[in-house]
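One structure is given here, and the rest of the page talks about it.
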Amino acid sequence: MEEFSNQIEEIKTLITSNSKSDKSFGYSTLLHLQEQSTQHPSAIEALSKHVCHLILSIIADISVEDEEIASQALKCLGFMIYHPSLVAAFSEDVAHLVVASLVKLITTTKIKAVCNLGVWCISMQQLNESFLACNFHSLLRAIIHALDNPIGSLSTTFEAMQAVIKLAAQLSDKMRDTSNIWAPVIYRRLLSSDKREREMTERCLLKIKPTMLPPTLNLSKALVVDMKTKLLSEMKEVIQDRGRKVNTIQAWGWYIRLLGSHALKNRQLLNEMLKIPEQTFSDFDPQVQTASQVAWEGLIDALIHHPSEPPPEIMALECVAKQRSSMTLDNCNFENMGKALQHVAQQRSSMTLNRCNYENMEVSLSKSLRLIMTPLVGILSSKCDISVRSSCLNTWCYLLHKLDLAVNCQIVLKTVIEPILEVVFQMGTDDKNRWLWNICLDLLDDHILLNNRDGDNELSQHVSCRSSTRVSSLVLNSGAQCSFKNYPIKWLPWDLSKLGLPIKVIHILVSQGSLTHLTPECKNLACKSALKAFRSVLKGIQIEFKKSSSNYGEIMLCLNTILSLTKQVCEDATSKQSDDLLCTSLHFVGVVREELEPSVLASPLYKVVMDFKYVSELQTIVEIECPKVPEISSLKYMDLVSPTVYLTILHLCMGARSISDASRMEMILHGLEKHLRYLKLAMTSTVCDLQADLSVTARFFSALASFVCRLRLKCHILLLVEIISNPMIQLLSKCAPNNDMIEGSIVYQLQLLWGEILSSMERSQPPIIFDSSFLKVQAPVLETTLDSPILAIAESTITFWNHTYGNQVNLDYRRSLLPVLDKLSRKGKLNIYRSSPTLIVNDRSKEVMSAPLRYRVAATQNKISKRVELMEDRQNDFRSTNKLVPGLKRRKFELTEHQKEVRRAQQGRDRDCSGHGPGIRTYTSVDFSQGNEESQESQELRDPESILEMLRKAP
């Protein structure tokens, strides 16, 4: 430190010398020491002890006529007033002397370099703010003088703007209050013909933007005077120059910002100013159009301001929430809600937002939003360059950010958010628009998902606690072709009254999936996006349903909205015959059932109108009435049903109506298994209380029959048989001979349904093999239907048997099925096998006449049943059966000595009729499987579940 102190003493001697060379050498040495001090704290410490003495000598030299000495002195002074450790050593008198000397120097010197360095010292200083405040007007006078630039130096202007930025950071309030004095000197340069001057001006305005905006009334008035006298006419003139259109519209953006809300009080001036962007928005140059979008943010700054408190509509919603909590289920209806809203409307008169009455504010906000949104919607709807549209969407997001909490108001949702989402989603999802699509989807998802959390918190908790609002950030993906800024958007939790926006957007997304000109990838993306948004909405709705504040009227309105959308999607799918839309419609029905709890869907309190077009068309064909059960009303078009019945009938009607050819059957049956399992539960529930609602049951059977008649594929028909067999048995068991419902329409519908099921098995592609394995699965339902008291069901089943199993000669019958088969075959109604070969079988002794084919008759373990088998071409016949278990190894059974002896005897008789041809094997009634129903020649699978699984996998 001693070394630095000695060096400083030498410097003091040199800079106080009358010799120019000594002074110059002294200042050069001081500058070198200051540079060293950044790495040696001891040097700073030594300087701080001598700083006041050095400052006095330096101030004396900054005003000399010698440019070299003055410049060196100013550079040393700049370091002295910049370094915090040195500034802290200043006395008050020294600080005043520094400021006074710099102000005098800047305003009086004729040397350009000296003036530049003087202004530079002000832009670099780190003087105490309280001291600066005392000398603010002096400093401001010097800065304005430099901004006026009487010397004509662009560098002086630049340093003056840097000084403005410095004071705006140190004395923001004072700079804001005096902005009408210094800002005009800056913003007038935005129309300069010098590109460098325009650019430095705009950089300066960007840095001091928080200080200037929103503008003070005095600044706005000063700008109005400038606009009327010079700037407006200059803009109109310059805009005609194609090369200056971009900088002209950029200047326009700053001017409209600085006019602020005062612009609305100068309608004539505002209308004249709006003629500038009218020309640039329609320009063919994408750069001009993009610049216009950025400048349009200036109008947003002028007309939209952050509120000092939540918007009145948000506060009104809080009042509604409090009103809800006092309403019971009995009085919680639309009338009471109307009274509550009327009470809220009365309270609105006392609410203010930016010192404006609510009604006036709402009207003013509505006009401002319409003005801002008009070109944005037009640009996005046009076929302009993708960079222009991206800039347009960026401006829109900036508007949402500026709206703050007001973004959740209904007027904003309707005027600002809905039009843009509608335009973007209707543009399609090609490569150029994909990222715009994704940004809007993310925004919508952020809005919807805010409600997907449990709890019964009142709205007031979310409004009063600003930190609880979710901030969503829209970030452009890496594939974008232009920059996209990150604007946080504050969403509040929504209630059931705000479903209009997401429901409309979901419908638009679904409609995109049906457009024929889109690629399959784009259609798939649209449908998936719609389904994702729909599921998110339903999750939020279910949470709202759990809240005590949700009343009956709102729940019913919400259910009708959701089900109406689902119905519309399904009916559009059937009318447009779109594969993607058809798949989406099936998912829509399933998602409602998955996300909304059964306590809501199946509740008898919530009834919705069954307004299906298909039901209306069937009205004259199927009239569901039960004349012998007068307490049960008929179910007709527009009748009230539970949401569960609504969804079930909708799904089946859609399936019955939408498919007309087998090539598209796979689409409607994509989720068949889950749906049919649900139908199984529904039918089982119906059986448990059949008399409760026969009209609904009849309509259910009618829709299901229409659905079954479209089935063609084997895998789907087998699945249907598996699921529906047990419920059919239970239903038919209810149809006792003396039951009143036998004569009702429900039996007629049941007949049609069973007939369609039988027909579907006969027309299956690939064909179903009616062998012993499949008969084992069908035996329970055949046992019931072959001998059903409903004559039509019995006759259709007998006909089915004769066309299928009656043609088979190698069947094993379940014991429970034998009595029915015996009864019907003895009556001559049922065919057991084809009787082309003559075969006589006796229980005790078997005598068989000659026949062209060989047969074997064997008693099974169930002594009542027999196996009858054609021996010739047996292998070919076996190959035609369903391959139930591919790769399954047969069990091997060892024959006893007695069995081997019988086998040898049999082989000796193979050449019956003197060994010249095939004969007939005759066995005793004892089966060689030793009590096992499965033999070495023919093995059966006993597990029906395994059989059905293998049948589904069969081609």
Next on the checklist: Show me the trypsin sites (Lys or Arg not before Pro) within segment 95-145 that DSSP assigns to loop and that have at most 15 other Cβ atoms within 10 Å of their Cβ.
Outcome noted: Lys110
Checklist outcome for this item: segment 1-91 accessible area per residue, 1.4 Å probe, protein heavy atoms, integer Å², reads 48 Å²
Item to check | Dipole of segment 1-239, positive direction: furthest Cα of Met227, Val103, Ser155, with charges on the beta-carbon | outcome: Met227
Checklist outcome for this item: Env charge @ Asn218, Cβ radius under 11 Å, K,R +1 / D,E -1, value +1
Item to check | Mean-position separation - Cα centroids, segment 179-222 and segment 138-159, in angstrom | outcome: 14 Å
Checklist entry - Ranked highest first by the average count of other Cβ atoms within 10 Å around their residues, in what order do 643-649, 723-729 fall? => result 643-649, 723-729
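Rounded to the nearest 0.05, what FRET efficiency do Lys104 and Thr374 have when you use their Cβ-Cβ distance and R0 = 45 Å?
Numbers: r = 54 Å, r/R0 = 1.20.
Once the sixth-power term is evaluated, E becomes 0.25.
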Checklist entry - So for segment 1-239, taking the charge dipole from beta-carbon charges (+1 Lys/Arg, -1 Asp/Glu), which of Ser17, Val87, Leu54 sits furthest toward the positive end? => result Val87
Checklist entry - Looking at this model, which pairs from Lys776/Lys823; Lys112/Lys195; Lys75/Lys104; Lys532/Lys613; Lys383/Lys532 are more than 25 angstrom apart at the alpha-carbon? => result Lys532/Lys613; Lys383/Lys532
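Return the loop-located GluC sites (Glu not before Pro) in segment 1-90 (DSSP other than H, G, I, E, B) with at most 14 other Cβ atoms within 10 Å of their own Cβ; answer none if there are none. Can you show the working numbers first?
Working: sites: Glu2, Glu3, Glu9, Glu10, Glu35, Glu45, Glu65, Glu67, Glu68; in loops: Glu65.
Within segment 1-90, the qualifying GluC sites (Glu not before Pro) (loop, at most 14 other Cβ atoms within 10 Å) are Glu65.
Quote the charge dipole size of segment 1-239 about the Cα centre in Debye, to the nearest 20; the model charges only the Cβ of Lys and Arg (+1) and of Asp and Glu (-1). Walk me through the intermediate numbers first.
Numbers: 24 positive and 26 negative charges, 257 e Å.
That gives segment 1-239 a dipole magnitude of about 1240 debye.
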Checklist outcome for this item: If each part is reduced to its alpha-carbon centroid, segment 485-554 and segment 788-832 end up apart, in Å, by 55 Å
Next on the checklist: Please give me the summed charge of the neighbours of Met200: other residues whose Cβ is under 14 Å from its Cβ, Lys and Arg +1, Asp and Glu -1.
Outcome noted: +2
Item to check | Separation in nanometres of the label points that stand 7 Å from Cα toward Cβ, at Ser172 and Lys12 | outcome: 4.2 nm
Next on the checklist: Set the bar at 19 Å for Cα to Cα. Now go through Lys504/Lys567; Lys714/Lys829; Lys504/Lys547; Lys504/Lys546; Lys498/Lys547; Lys539/Lys576 and name every pair that lies beyond it.
Outcome noted: Lys714/Lys829; Lys504/Lys547; Lys504/Lys546; Lys539/Lys576
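The values are calculated or read from the model by the stated rules, or taken from the named source; none is laboratory data. What you are looking at is a predicted structure, and each value in this text was computed from that prediction instead of being measured. Glycine gets a Cβ as well: all are built from the backbone with ideal geometry, and neighbour counts include every protein chain shown. Just the protein is used for accessible areas: all its heavy atoms, side chains included, with ligands, DNA and RNA removed. Shrake-Rupley method; radii C 1.70, N 1.55, O 1.52, S 1.80 Å.
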